[in-house]
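Notes to accompany the following structure.
The values are calculated or read from the model by the stated rules, or taken from the named source; none is laboratory data. Source: prediction; values computed, not measured. Positions of Cβ are generated from backbone atoms using ideal geometry, with glycine treated the same way; all protein chains shown enter the neighbour counts. Only protein heavy atoms, including side chains, enter the accessible area calculation; ligands, DNA and RNA are left aside. Shrake-Rupley method; radii C 1.70, N 1.55, O 1.52, S 1.80 Å.
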Amino acid sequence: MEKRILIIDDEPDILITLSIALKSEGYEVHTALTGEEGLKKLAQVRPDLLLLDLRLPGQQGFEVAREIK
């Protein structure tokens with residue numbers, strides 16, 4: 001079973017670069033561009049690891065982390 005990783009970042013280049021690198025290592029990678037989208041995907045995907053940018057438009061990364069906690 002592949003380990004799932006969710007990346008929440010508003011920079012498409014970062015999402016693409018991390019996704020390619022992690023997929024090449026055998027991980028199932030999911031991405032989100034906003035905190036709101038990330039929280040929805042978090043509930044759907046149930047990742048093993050979350051990579052979260054702290055400076056996001058709208059709902060900041062710190063707010064997302066508080067909601068997850």
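From the protein chains alone at 1.4 Å, what is the descending order of accessible area for GLU67, GLU37, largest first?
Result of the area sort, largest leading: GLU67, GLU37.
Given the DSSP H assignment, sum -39500 (n - 2.57) over each helix run of at least 4 residues in the chain and divide by its residue total; what's the result at 222 nm in deg cm²/dmol, nearest 500?
Theoretical 222 nm ellipticity from helices: -14000 deg cm²/dmol.
Given a 1.4 Å probe and the protein chains all in place, what does the accessible area of ASP13 round to, in Å² to the nearest 10?
110 Å²
Suppose the chain between LEU51 and GLU11 were pulled fully straight at 0.36 nm per residue; how much longer would it get relative to their current alpha carbon spacing?
Working it through step by step, the gained length comes to 13.1 nm.
Take the Cβ-Cβ distance between PHE62 and MET1 as r, set R0 to 25 Å, and report the resulting FRET efficiency rounded to the nearest 0.05. Show your work: numbers first, answer last.
Working: r = 31 Å, r/R0 = 1.26.
Once the sixth-power term is evaluated, E becomes 0.20.
Output the direction-averaged projected area (hull surface divided by four) of the convex hull of the alpha-carbon atoms of the chain, in nm².
Average of the hull's projected areas for the chain equals 4.2 nm².
Could you compute how much accessible surface SER24 exposes when probed at 1.4 Å, giving the result in Å² to the nearest 10?
SER24 has an accessible surface of roughly 90 Å² with all protein chains in place.
Could you please put LYS41, LYS69, LYS3 in sequence from largest to smallest accessible area, using a 1.4 Å probe?
Details: LYS41 55, LYS69 205, LYS3 115 Å².
Largest to smallest exposure gives the sequence LYS69, LYS3, LYS41.
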